[in-house]
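The values are calculated or read from the model by the stated rules, or taken from the named source; none is laboratory data. This one's a predicted model, so the numbers in the text were calculated from it and none came from an experiment. Cβ sites come from the backbone with ideal geometry, for glycine too, and all protein chains shown count toward neighbours. Keep in mind that these areas ignore ligands, DNA and RNA; they rest on the heavy atoms of the full protein, side chains included. Shrake-Rupley method; radii C 1.70, N 1.55, O 1.52, S 1.80 Å.
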Amino acid sequence: MRKNKVDVITMGCAKNLVDSETLMRLFEQSGYTVEHDPVKADGEIVVVNTCGFIESAREESVNMILETVQAKSRGEVGKVFVMGCLSERYMDELKQEIPEVDGFYGKFDWKNLIADLGKAYHTVPADLRTLTTPAHYAFVKIAEGCNRGCAYCSIPIMTGRYKSRPEAEIIEEVRGLAAKGVKELQLIAQDLTYYGIDTDGKAALPTLVRALCKIDGIEWIRLHYAYPAHFPLELIEVIREEPKVCKYLDIALQHSSDRMLEKMRRHITKSEQTDLLRKLREGVPGLAIRTTLMVGHPGETDEDFEDLMDFVEEQRFDRMGAFMYSHEEGTYDFLHYEDDIPREVKQERLDRLMQLQETIALERSSAFVGSTERVIIDREDGDYFIGRTQFDSPDVDPEVLIPMSLYPELEIGKFYDLEITDTVGYDLIGKPV
């Protein structure tokens, strides 16, 4: 155990990661040495920033808490603190179930955490987060919370209603990041496309993105977590016209069956979704679309699921993730429906859906062979440099592998034009042009 050392462990999504990075800077201002997601927690203090979105995420967070308190019992850790979404939602239950934890805090209760350690609390400007990503890219959270009210979703219970950050504040943050060498922005929020509606009733994301494109040093801007209902169509023009905006959009659709979309309270129909996808692809030729789908929602019939399979076959998404429905306490679904789809049926449907997408994804990857793509180099891994095209987000999408022995002159954080020569699974093999 090292004195004045803090290990911050982040569970869940990139939005949690941004919170952890802010917390890390607070600890550093208080004189601590901080590490993020260490292989083995050996700090005087361990903070677990939890996720509480669905059952599987909660289980992972609880298991991580248990691992750290076990390390504490062995004398490898001094104190264990828990914060984040799970702690926000189930604080009383966690206190009873895991009393070995030294303190539980809500999602944004950093002030009390620092104060309980006897340290003064300092406000941290957003651009002074301690980045845990490679130096050339950063996640930028433009809002917190959600107003959509989807039937299955517990996020508003934990984060509250939507709150957009002021545009000037975001621009200042990005200028600071660019000054540090950040070249790629991952714009994130619970719902990116609602940005601005809570403040003046108008979608302000297109205006914000154009303003960010004017900042020197930023070369790629990627858009995550769009919502299909009431999609701001002027954003299509921004993606098409602004060369810094990646031809990539992460937009969660969840389902295709009109029955399920209505039960999910998605505020959109299948025909409207299909029309939006058509407009996106026609408006931005070559656009890569990532989506997320759900199986096993209460009331989902075999016919509903086959409709979803047909939809995926027809749309042939470039990137796709899927998950099984989780019956979340406090949601509209929990109050109005039984969780009536057996787990084995959910799993079978999930497996079939992902098998279909695997075929599509491999076909998509093969189509890149022979093309020349601009690639940013993220890291070294074994005998390869690992990079990404504009169509790929860090950690979740395919990568480009370049043999280090053949091209040792490449540098992490720089862009190169690469000829795509082959594929290995979903990933691409490339060589400098």
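For the residue pairs 163/214; 279/414; 163/183; 107/279; 111/247; 244/279, the C-alpha atoms sit more than 29 angstrom apart in 279/414; 107/279; 111/247. Which of rounded, prolate or oblate describes region 31-161 when judged by the alpha-carbon gyration tensor and an a/c cut-off of 1.5? Judged from the Cα gyration tensor, region 31-161 comes out oblate (a/c at least 1.5, b/c at or above a/b). According to the square roots a ≥ b ≥ c of the eigenvalues of the Cα gyration tensor, what is the shape class of region 105-209, taking rounded for a/c under 1.5, prolate for a/b larger than b/c otherwise, and oblate for the remainder? The shape class here is oblate. Heavy-atom surface analysis with a 1.4 Å probe gives the chain a carbon and sulfur content of 48 percent of its accessible area. Across the chain, the longest piece that holds none of the GluC sites (Glu not before Pro) lying in DSSP loops with up to 11 other C-beta atoms within 10 Å covers 1-328.
In a DSSP loop and with at most 15 other Cβ atoms within 10 Å, the chymotrypsin sites (Phe, Trp or Tyr not before Pro) in region 1-110 are 108.
Using a cutoff of 8 angstrom between alpha carbon atoms and counting only pairs six or more residues apart, the relative contact order for region 178-300 works out to 24 percent.
The rule of thumb for compact globular proteins, 2.2 N^0.38 Å, goes into the C-alpha radius of gyration of region 198-255 1.17 times.
Rg ratio for region 306-348: its Cα radius of gyration over 2.2 N^0.38 Å, N being its residue count, equals 1.47. Ranking 243, 430, 295 by Cα position along the charge dipole of the chain, where only Lys, Arg, Asp and Glu carry charges on their C-beta atoms, puts 243 farthest toward the positive end. Beta bridges per DSSP, both residues in the chain: antiparallel share near 35 percent. Basic side chains Lys and Arg get +1 at the Cβ, acidic Asp and Glu get -1 at the Cβ, and with that the dipole of region 177-264 about its Cα centre reaches some 220 debye. Treating each Cα of the chain as one equal point scatterer and applying the Debye formula with no solvent, the log10 of I(q)/I(0) at q = 0.09, 0.12 Å⁻¹ comes out as -0.62, -1.14. About its Cα centre, the dipole of the chain is roughly 1460 debye, where the only charges are +1 on Lys and Arg Cβ and -1 on Asp and Glu Cβ.
Length gained on full extension, residue 100 to residue 200: 31.4 nm, using 0.36 nm per residue less the C-alpha separation. Dipole size of region 252-318 about its Cα centre, with +1 on Lys/Arg Cβ and -1 on Asp/Glu Cβ: approximately 460 debye, rounded to the nearest 20.
Here r is the Cβ-Cβ distance between residue 258 and residue 431 and R0 is 45 Å; the resulting FRET efficiency, rounded to 0.05, is 0.40. Extension gain, residue 215 to residue 3: 0.36 nm times the residue separation minus the Cα-Cα distance gives 72.2 nm. At the residue level, residue 152 shows approximately 20 square angstrom of accessible surface with a 1.4 angstrom probe and all protein chains present. Remark: region 174-288 carries 38 Å² of accessible area per residue (probe radius 1.4 Å; ligands, DNA and RNA excluded).
Its residues counted as N, region 310-429 yields a C-alpha radius of gyration over 2.2 N^0.38 Å of 1.42.
A straight chain from residue 93 to residue 314 at 0.36 nm per residue would run longer than the Cα-Cα distance by 75.0 nm.
Calculated FRET efficiency, residue 369 to residue 282, Cβ-Cβ distance, R0 = 22 Å: about 0.30 to the nearest 0.05. In terms of its C-alpha gyration tensor, region 1-84 has an oblate overall shape, because the principal axis ratio a/c (a ≥ b ≥ c, square roots of the eigenvalues) is not below 1.5 and a/b does not outweigh b/c. Note that region 241-308 shows a convex hull volume over its alpha carbon atoms of 90 Å³ per residue.
For a straight C-alpha distance cut-off of 14 angstrom, the aspartates and glutamates reachable from residue 79 (same-chain residues fewer than eight places away being disregarded) are 7, 42, 44, 67, 100, 102, 116.
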